[in-house]
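Below: one structure, written as structure tokens.
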Amino acid sequence: MVSLSHWRRALNQHLLLEPLVQEVLSHENIEACCRQAGHRWRETFWSPVTTVLTFLLQVLSAEKTLRAAVSSLLAQLNTQGQNVVCSSDPSAYCQARRRLPGQVVESLNGNLAEQMTALVGPEGRWHGHPVKIVDGSCVSMPDTPELQKVFPQPEAQKPGCGFPVARLVALFDWASGAILRLAIGNLLVSELALFRKNRPEWLPPNDVLVADRYYCAYGDLVQLQRQGVFVIFRQHQRRKTDFRKGQRLGPDDQLVTWRRPGQWIPSCGLTREEFEALPEQLTIRQIRITEVPKGFRSRIIVVVTTLLDPVRYPAEEIRALFRDRWMAELNLRSLKTHLGMDVLHGENPDVVGKEILLHLLAYNLIRLLMWRAARRYAKNLHRLSFTGTLHRLRRMMSFGVEGRRSRTILYETLLQWIANDEVPYRPNRLEPRRKKRRPKEYSLLNKPRSWYRRHGDPDVR
């Protein structure tokens, strides 16, 4: 029987082909994060290192089950000739997941995001500004009493008929597509409230923030400006625009003065005293986008920004940057649909939180491989396929490779395959949100299951 350290070293070398990921997810770094979190553990097979790597295998797999993750781990170790004495029963791994502090996974994900930001460097900036994109989404999870208490289901659902829902707000890096920060809440807390709570920590001065019209409130614009953050938002639908007024800077480009709302409301995110301390006026630049392709939601879009210099920041470049806001929608789709985070499997809030963070870690790992491939082969990062990268990574992890030279060849081959899988350039393509395949003709569950057990199901004959 070989030592536990040899097991961990063999597993680490086999799974983590990317050198940066080997550094972030090395057993030294994972154990350092555990000590920082005050976590104490025994030297058993299911140490924090093995637990984190197996958890990563689980979220990267298509099955998402505990049994599949443990089987994959043991199969990969056995292919390397390791005499593994661990049982294939996933109950020990399940207990190890519960023991692992969520702060450890959060620290690992933060380290990877920081390293990716440093890799992109100044060349990934827009006019010298780091660009961030913020957007929100929701994920569901099993219907257990613990989860219902922390993440209550929508109020419109009857008890026993819905599922707990978590609200997420993600901050994306425009250059690499990585998720830099994530806030987790429930449906009782709005997306904007989650962003306001974390805004000072997330956005340093000189950043440019791109977001949709939900974030375009007078108080938020003032707060971000005081923070030294520039914004490019779509104008809120309730605010009317007249391009016959204001200081004209160019075609469909003008400076206007907004006035502070006349009445304070609690949902603005400010106390009454903070609201009254806001300036009476705010100078905003408005840019109109009129060439909207057929099928888009609106024929005319007005973008507001605090980048007021029309020479340094031309209107056409601001329009192009705002259009990249849609990348956040595509990245969330990749995270939820293709990586499978749309429906979580944990049955208590602690495991659900770690499951979300491990999905983020896996997502950033895939974005890092895509960025490496784009740099190595001079490709446009936004044209590379996230799903194709995920599928190739899964196949690469399904068989063992011995020797440093073989792993290097495998890694270079993976990058080349990723670079060759370019998505066709279809900027104005319209796809209807319709399903062709019909679902099964089952009735909806509009009463708790216990009711049907007592009274019987009328659809069952």
Go through the range 132-160 and report how many residues are touching a Lys or Arg at 6+ places or on another chain (Cβ under 7 Å) and modelled with pLDDT of 90 or more.
5
Run Ala96 past the list (1) over 30 Å from Ala328 (Cβ atoms); (2) of a type in the set (A, V, I, L, M, F, W, C); (3) modelled with pLDDT under 90; (4) crowded, with 18+ Cβ neighbours inside 10 Å and report the number of the one that doesn't hold.
(3)
Pairs needed: first member in the range 315-336, in contact (Cβ under 8 Å) with a residue 12 or more places away in the chain; second member anywhere, in a helix (DSSP H, G or I); C-beta distance under 6 Å; at least 6 residues apart or different chains.
Ser334/Phe386; Leu335/Tyr363
Considering each of Arg226, Arg213, Arg260, Arg199 in turn, give the residue that is under 22 Å from Thr290 (Cα atoms) and either of a type in the set (D, E, K, R) or surrounded by fewer than 20 Cβ atoms within 10 Å (Cβ to Cβ) (or both).
Arg213
Only one of (1) more than 20 Å from Leu339 (Cα to Cα); (2) charged (D, E, K, R); (3) in a loop (DSSP other than H, G, I, E, B); (4) in contact with a helix residue (DSSP H, G or I) (Cβ under 9 Å, 6 or more places away or on another chain) is not met by Arg42, so which one is it?
(4)
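Do we have any residue at all in the range 392-414 that's aliphatic (A, V, I, L, M) and under 28 Å from Trp126 (Cβ atoms)? Full working, then the answer.
Initial filter on the range 392-414 (aliphatic (A, V, I, L, M)): 393, 396-397, 401, 409-410, 414.
Now restrict to residues that are under 28 Å from Trp126 (Cβ atoms): none.
No: the range 392-414 contains no residue that is aliphatic (A, V, I, L, M) and under 28 Å from Trp126 (Cβ atoms).
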Any idea which of Tyr377, Tyr425, Tyr363 is touching a residue at least 40 places away in the same chain (Cβ under 8 Å), closer than 21 Å to Leu180 by Cα and in contact with a helix residue (DSSP H, G or I) (Cβ under 8 Å, 6 or more places away or on another chain)?
Tyr363
Within the range 335-390, residues being surrounded by 21 or more Cβ atoms within 10 Å (Cβ to Cβ) and hydroxyl-bearing (Ser, Thr, Tyr) number 2
What pairs come up if the first residue lies in the range 153-164 and is among the polar types (S, T, N, Q), the second is part of a loop (DSSP other than H, G, I, E, B), and their beta carbons are under 7 Å apart, counting only those six or more places apart or on different chains?
Gln153/Gly162; Gln153/Phe163; Gln153/Pro164
Residues of the range 409-460 being over 19 Å from Leu390 (Cα atoms) and either part of a helix (DSSP H, G or I) or among the aromatic types (Phe, Trp, Tyr) (or both), which ones?
Tyr425, Tyr442, Arg449, Ser450, Trp451, Tyr452, Arg453, Arg454, His455
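The values are calculated or read from the model by the stated rules, or taken from the named source; none is laboratory data. Worth saying up front: this structure is predicted, and the values here are computed from it rather than measured. Methodologically, a virtual Cβ is constructed for each residue, glycine included, from the backbone with ideal geometry; neighbour enumeration extends over all protein chains shown.
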